[in-house]
Protein chains: 6
Amino acid sequence: MTNNKILAKMRNNQPARGVWLGIPSVHSVRLLARLPLDFMIIDMEHSPTSLENMVNMVAAVTSSGGPQAVVRLSQASSENIKSALDAGAAGIIAPMINTREEAARVVSWAKLPPIGSRSFGSSYAGLTWGQTPAENARISNDQVMAAIQVENKAALDNLDDIFSTPGLDMVLVGPLDLSLSLGIDFFAGQPSAILDEAMEAILAAGRKHNVPVGIYCPSAEIARQRIQQGFLFVNVAMDTTTLIEGVKQALQVSETSIREE
Amino acid sequence: MTNNKILAKMRNNQPARGVWLGIPSVHSVRLLARLPLDFMIIDMEHSPTSLENMVNMVAAVTSSGGPQAVVRLSQASSENIKSALDAGAAGIIAPMINTREEAARVVSWAKLPPIGSRSFGSSYAGLTWGQTPAENARISNDQVMAAIQVENKAALDNLDDIFSTPGLDMVLVGPLDLSLSLGIDFFAGQPSAILDEAMEAILAAGRKHNVPVGIYCPSAEIARQRIQQGFLFVNVAMDTTTLIEGVKQALQVSETSIREE
Amino acid sequence: MTNNKILAKMRNNQPARGVWLGIPSVHSVRLLARLPLDFMIIDMEHSPTSLENMVNMVAAVTSSGGPQAVVRLSQASSENIKSALDAGAAGIIAPMINTREEAARVVSWAKLPPIGSRSFGSSYAGLTWGQTPAENARISNDQVMAAIQVENKAALDNLDDIFSTPGLDMVLVGPLDLSLSLGIDFFAGQPSAILDEAMEAILAAGRKHNVPVGIYCPSAEIARQRIQQGFLFVNVAMDTTTLIEGVKQALQVSETSIREE
Amino acid sequence: MTNNKILAKMRNNQPARGVWLGIPSVHSVRLLARLPLDFMIIDMEHSPTSLENMVNMVAAVTSSGGPQAVVRLSQASSENIKSALDAGAAGIIAPMINTREEAARVVSWAKLPPIGSRSFGSSYAGLTWGQTPAENARISNDQVMAAIQVENKAALDNLDDIFSTPGLDMVLVGPLDLSLSLGIDFFAGQPSAILDEAMEAILAAGRKHNVPVGIYCPSAEIARQRIQQGFLFVNVAMDTTTLIEGVKQALQVSETSIREE
Amino acid sequence: MTNNKILAKMRNNQPARGVWLGIPSVHSVRLLARLPLDFMIIDMEHSPTSLENMVNMVAAVTSSGGPQAVVRLSQASSENIKSALDAGAAGIIAPMINTREEAARVVSWAKLPPIGSRSFGSSYAGLTWGQTPAENARISNDQVMAAIQVENKAALDNLDDIFSTPGLDMVLVGPLDLSLSLGIDFFAGQPSAILDEAMEAILAAGRKHNVPVGIYCPSAEIARQRIQQGFLFVNVAMDTTTLIEGVKQALQVSETSIREE
Amino acid sequence: MTNNKILAKMRNNQPARGVWLGIPSVHSVRLLARLPLDFMIIDMEHSPTSLENMVNMVAAVTSSGGPQAVVRLSQASSENIKSALDAGAAGIIAPMINTREEAARVVSWAKLPPIGSRSFGSSYAGLTWGQTPAENARISNDQVMAAIQVENKAALDNLDDIFSTPGLDMVLVGPLDLSLSLGIDFFAGQPSAILDEAMEAILAAGRKHNVPVGIYCPSAEIARQRIQQGFLFVNVAMDTTTLIEGVKQALQVSETSIREE
Ligand SMILES: [Mg+2]
Ligand SMILES: [Mg+2]
Ligand SMILES: [Mg+2]
Ligand SMILES: [Mg+2]
Ligand SMILES: [Mg+2]
Ligand SMILES: [Mg+2]
């Protein structure tokens, strides 16, 4: 891309808002990419999104001219990062990073030399940005977002180490996995002082090291709160729950008519 | 299936409610099939639903034990009806039927001899119903819904002929195509006496010939109204619009937070 | 192909034996294509075989150098015949042909001018035969098998008309659909004088008009009997039933061990 | 689309130049869509292009902002035209049209009422044009190209009837099928007075009835000649032959080095 | 799942019997899932089973209400285990585990905190079990089978270490790879004292540490023997060989008829 | 395969010439596999080639009887090598190998015991070679090419260590990544003494340790030069650039005609 809107917004201290995609379909992506979103997260970790799905979904997002495509990897690895960036993604998010060493490896795989060790070679990466491969290579290190997830108590002891990793563009909190590792029942939806404390520590590390912090949000209302709390990268919706809740609501709206009869 | 719930409900003068599927994904179908829906319409006419999509979507719906799968054909033809019923669909809807001859052909393709001329031979049709091919063949004519769409002014002159077609299980109104053919701007959303009259005529034909009438509904509120009006087969939601509207709403909900800052 | 082995065998009054494919998988096809079969039938009528499946399955069969690929169409149509022959199939079988007019249309769609009206233009049809498009065009009318199914009582009155259709290469009996149309319970597996008579009439028409007759066989034992009866194109197995019966048998063989304990 | 560049060029008597796609791949399409082409023809007749391929290929072409997508149908039918236009194609080409009745049916299936009988209803058709469904419906009849192929001697007697079909936007000559039907060996590449005469007659009919005429071209050199001859819609290349010829040439260029050793 | 039948049987010292799937097809799976099998192994190591295949195959198995789905991983890794369990698999089998460290890592990836480090987050995992994500999370550690393969002589020295890995639910012997690593020609089918001794050692380790032992079986007869020998998880058939052997047999049965003539 | 032509040629000091595949399509592969190429490289690192694509592409190449299939891995790993060899590939190329340890691991994963630790078990690997699994296992270590890429300055210090790795069959230079890591602007196309020196060092290491050296070539002219320079494994073309350049040229050729008017 010629301009990573997500990075631009976050650097301006403005929240980047997007949608989390759990349905591996280029068709739902095409519909949503017309909305005023900053990003769309193509989830390869907890959704059955194949390489082929991902590549086509990234192209659908980026060619819309609207939101930018971010790929949440199934696991931090060189090959997973290569395929996402070769597809033209504006950024990657590596899950479950607990140490600086792991964080540094993610950055290295996501950045070309001399910063990192990313291999270059796709005929496709620059297409949706209207770039030749040469142009794409030149601009990549500036514009590709290398992000990681902090979502395990093992990472909480290493926050300074992790956040000071050179080249790290964003840290995303995974509240469900973090809760699980802290022994908190995420699904109960109860406030938890332990979880709140952990989040504050993460946000503080972000402020200290000037690294924007984002978070997965299970609802728009929670997204609203997270933005106010200082998170700069939030999904305001997830496609799967939006669909389920929307149809549930439609069943209620339309059911009243039966009672009226 | 051992029992077509859609037909059972309609015969009891109870509305069958479902969801219209414009996203050709087995994954969104699996999520929605857990909701208390009577049917899910797999649309092959105006959605890019391939044979492979349809077959997997029908299996996903039927194996949920909840709603039943109805396939809206891309066009009335023997091969299209065969593939839907061989996949285990509980019914088919043939679009744009304007004459009794066309209606009769649809019924014939959907029913085995001696009623119709459907060819039998799938190893898969009965699987989700727990039936052997022999059992499936025996039960099919009773349980498969053969439906057509009335959605063109050309059909309005033939309502008696069409509705009296033997074996016809349901007539679905297509309000958008019907509006277009009547010179009405459907998208304007204005009341239209001409359209209302046409719909009343169709409902009347249904009552006269004891054939349930359904209708495509663009929203849950309209579905509520249509049920009260006497339509017995309505979609309370469509996946595509549910998704778009849900994310739009999430953008609004979460945006207030920014203003508050 | 440079030499249609199926036609050659049948012209020599030798039975061509093959396997009927109900599993749309290029992988099972690749495994079976190494067996000494004369043909493999890719079924698009009663199996969920997409265009993409068919094309890859035809290539897998023909490139094995062993059996030849025959496509059973989902319905007789110009486009269905074109796609099968463009994929390199050695023949097509059109289901449910009841009149000479229908049979003649199938032949016309399957043969290039001056015999028929088939359109030419694939870059792929000749590949597995090692032919350029020009070579493929030259040889096609001689080597492509144009076959139809007789499987409805409506056809029994027209046997002479149907069998004398110029260019017709084979007639395949569909015993299940024929039984259904004759009011016979095919699944009961009982002998039926009416069915036997119909088959004899079809075989006689074949002998009279010098057109080979084939038949779908539900088991190897029945295939054996049909060959003795004079049928020249028989499937000795179907992949779906072979798989089911084989695993059932394995459950029995291995279960004895538990009883022994 | 807001503006059909193909129609605009042809109405200006300027040749529209494109590429013919025989490889059903969204990836090769994405690469080529960055070239200064007027159109890309997605061939569903003689290439193994599935519905899913076509839909993704059309989106890839149109979202490039460059060439426009034209779908050559596997056969003229309502469902084939619907799926192409619902995918957002700028036009369709129906093969093997021999009579005015057939031509009129194609136009009717491609145009919404009151001109034709096309059914409307896709959530996707307008996406790549940035249109809502309502906007897309309003603009379609003006902007969608309804074209047919004249490629059989049966059509040569009906040229006046065919070319005067109201709403017909372009006639494409299929020189290979036309040659076959005229008994000419197309692959020999010899000049043919009979073929030349047929083409002149077709061009003359186009001039008389003010309908642009296009033609399939097997090479860029022939495309050059056809443009000079007055054809207004020509493919300057076909992907399959471009690839084969390019690799052949590379083998020659690189082989000299071995001889030098 | 609410109840892992495989674990239940093995804990009762009853053999769990299943089928090994080498054909990556949801269709063959659907057919076989109606048989009284305890499990179906979806092989991602030595079969071309893509993520998409696996997800659909797991859903097809589990939604049948019969056998349970076990995924044999292409390699032990966090991402491979996540995708299998997110799809709803009842268990995973990691190939080629030679040390306790490797075994412990597999268990950790397969179990949620506090036992392991598995990440949670799928919208789909609980669907076929009728569970909400919360219910699925709660039940997973009890019900998901974490299994490994011992199939290399490098593992034979570490049997005590491996078998005493906490949380290990089953050890599957891979006789082909074990033979290769021991220098035995598995394909010769000769008895081997060395191999027998290795197997006895593995079975003994299982008894000592109360971990059930399974084994890949190339035939039903061998499965019978293995069950008697004390193996508690055996495949009684493999789809690929069942198909090949079944068609070979059909060729023999039907060939006699030709000789008789 | 019964005879690895690539290895045979290189051992004879003859250059093996092939084509690099960046379009993940079985169809373009089928077309090109008829040309006199020694190999076709299925690229999984920088092209969106899924497992399913790769498996079908390998089968298409090998079943052509012409070139042999080589898979460039997305990353060196046991699972990636297994899937390529199980598909029947004649060789694998692991990218970005910088140390002897990494090289040795690649060889180990690609060779069966006693040489390496590759796991055996595919029903498909030997099919296109006409081999039973037993035959395929016996011949694999002799015939499968285990190759690596040297493409980073980190590797330049370890050339002797890397090239002396036992069982290493070929080393492929990646000039783009090598340039990037050396701080050279590859896309500028300027001669670079540093790059030339690095290549000479690699060629020298190859001669010293008797390991053939190959190189990625961006054009046929460069391939010619590389062969003269002593590289024994070169791609004379890449499908993506061949296609783009070919269509660009066609636009030029055909455009002259417009000017002439
Ligand atoms: Mg997480
Ligand atoms: Mg309609
Ligand atoms: Mg039949
Ligand atoms: Mg043509
Ligand atoms: Mg093994
Ligand atoms: Mg490289």
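The values are calculated or read from the model by the stated rules, or taken from the named source; none is laboratory data. Nothing here was measured: the structure is a model prediction, and the numbers come from that model. Please note: Cβ atoms are built from the backbone with ideal geometry, for glycine as well, and neighbour counts cover all protein chains shown.
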Check: Is there a residue being among the β-branched types (Val, Ile, Thr) and touching a Gly at 6+ places or on another chain (Cβ under 6 Å) anywhere in the stretch E:62-81?
Finding: yes
Checklist line | Search result, residues across the stretch E:114-140 that are within 12 Å of chain A (Cβ to nearest Cβ) and more than 14 Å from E:Lys82 (Cβ to Cβ) | finding: E:Pro114, E:Ile115, E:Gly126, E:Leu127, E:Gln131, E:Thr132, E:Pro133, E:Ala134, E:Glu135, E:Arg138
Margin query: Just to verify a result, which residue in the stretch E:170-219, among those that are closer than 30 Å to C:Leu243 by Cα and acidic (Asp, Glu), is nearest to ligand 6 (Cβ to nearest atom)?
Written below: E:Asp177
Next item on the list: Within the stretch B:107-156, count every residue that is of a type in the set (Phe, Trp, Tyr) and either more than 21 Å from B:Ile41 (Cβ to Cβ) or away from ligand 3 (no atom under 16 Å from the Cβ) (or both).
Entry: 2
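Look through E:Ser77, E:Ser108, E:Ser47, E:Ser83 and report the one residue that is under 21 Å from C:Ser25 (Cα atoms), at pLDDT 95 or above and among the hydroxyl-bearing types (Ser, Thr, Tyr).
Only one candidate passes the filter, namely E:Ser47.
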Next item on the list: Mind listing whichever residues of the stretch C:125-168 are assigned to a loop (DSSP other than H, G, I, E, B) and within 14 Å of C:Gly88 (Cα to Cα)?
Entry: C:Ala125, C:Gly126, C:Gly130, C:Gln131, C:Thr132, C:Val144
Checklist line | Of residues in the stretch C:91-105 being away from chain B (no Cβ under 14 Å) and farther than 24 Å from D:Arg72 by Cα, the one nearest to the chain's Cα centre (by Cα) | finding: C:Gly91
Note to self: Among (1) modelled with pLDDT of 95 or more; (2) under 25 Å from A:Thr240 (Cβ atoms), there is one condition E:Glu101 misses while meeting the rest; what is its number?
What the structure shows: (2)
Check: Within the stretch C:1-24, which residues are assigned to a loop (DSSP other than H, G, I, E, B), at pLDDT 95 or above and under 30 Å from F:Asn53 (Cβ atoms)?
Finding: C:Gly22, C:Ile23, C:Pro24
Check: For the stretch D:193-217, which residues satisfy the criterion of being touching a Leu at 6+ places or on another chain (Cβ under 8 Å) and over 16 Å from D:Gln149 (Cα atoms)?
Finding: D:Ile194
Check: Which one is nearest to ligand 4 (Cβ to nearest atom), of the residues in the stretch D:143-163 that are more than 13 Å from every other protein chain (Cβ to nearest Cβ) and over 16 Å from D:Pro212 (Cβ atoms)?
Finding: D:Leu156
Note to self: Looking at F:Asp185, F:Asp177 in this structure, which one is at pLDDT below 95 and of a type in the set (Asp, Glu)?
What the structure shows: F:Asp185
Note to self: Residue pairs, Cβ under 9 Å, 6 or more apart or interchain, first in the stretch D:156-175 and over 20 Å from D:Val234 (Cα atoms), second within 16 Å of ligand 5 (Cβ to nearest atom). List them.
What the structure shows: none
Margin query: Just to verify a result, which residue in the stretch D:180-208, among those that are in contact (Cβ under 8 Å) with a residue 24 or more places away in the chain and crowded, with 17+ Cβ neighbours inside 10 Å, is farthest from the other protein chains (Cβ to nearest Cβ)?
Written below: D:Ala205
Check: In the stretch D:106-124, what residues are within 15 Å of ligand 2 (Cβ to nearest atom) and under 19 Å from the mean Cα position of the chain (by Cα)?
Finding: D:Trp109
Next item on the list: Look through the stretch F:171-203, keep the residues that are of a type in the set (S, T, N, Q) and outside any helix (DSSP H, G or I), and return whichever of them is farthest from ligand 1 (Cβ to nearest atom).
Entry: F:Gln190
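Would you check if D:Pro67 is modelled with pLDDT of 95 or more, within 16 Å of the chain's Cα centre (by Cα) and of a type outside the set (Ser, Thr, Tyr)?
Numbers: modelled with pLDDT of 95 or more: yes; within 16 Å of the chain's Cα centre (by Cα): yes; of a type outside the set (Ser, Thr, Tyr): yes.
Against the criterion (modelled with pLDDT of 95 or more, within 16 Å of the chain's Cα centre (by Cα) and of a type outside the set (Ser, Thr, Tyr)), D:Pro67 qualifies.
Please determine whether any residue of the stretch F:114-122 is within 16 Å of ligand 6 (Cβ to nearest atom) and not charged (D, E, K, R).
no
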Check: Assuming D:Ala205 fulfils every condition listed in (1) under 21 Å from D:Ala69 (Cβ atoms); (2) at pLDDT 95 or above; (3) among the hydrophobic types (A, V, I, L, M, F, W, C) apart from one, which condition is it?
Finding: (1)
Next item on the list: From the list F:Gly214, F:Gly206, pick out the single residue that is among the small types (Gly, Ala, Ser) and assigned to a strand (DSSP E or B).
Entry: F:Gly214
Check: Just to be sure, is D:Thr165 more than 28 Å from C:Asn141 (Cβ to Cβ), modelled with pLDDT of 95 or more and polar (S, T, N, Q)?
Finding: yes
Next item on the list: Identify all residues within the stretch A:168-179 that are within 8 Å of chain E (Cβ to nearest Cβ) and either crowded, with 23+ Cβ neighbours inside 10 Å or at positive phi (or both); write none if there are none.
Entry: A:Gly174, A:Asp177
Checklist line | Which numbered condition D:Pro95 fails, given (1) touching a residue at least 60 places away in the same chain (Cβ under 8 Å); (2) of a type outside the set (Lys, Arg); (3) closer than 28 Å to B:Ile97 by Cα; (4) surrounded by fewer than 24 Cβ atoms within 10 Å (Cβ to Cβ) | finding: (4)
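For every residue, the table says whether it meets (1) of a type outside the set (Lys, Arg); (2) farther than 23 Å from D:Ser254 by Cβ; (3) touching a strand residue (DSSP E or B) at 6+ places or on another chain (Cβ under 7 Å).
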{"site": "F:Gly183", "(1), (2), (3)": "yes, yes, no"}
{"site": "F:Glu197", "(1), (2), (3)": "yes, yes, no"}
{"site": "F:Leu203", "(1), (2), (3)": "yes, no, yes"}
{"site": "F:Arg207", "(1), (2), (3)": "no, no, no"}
{"site": "F:Ile215", "(1), (2), (3)": "yes, no, yes"}
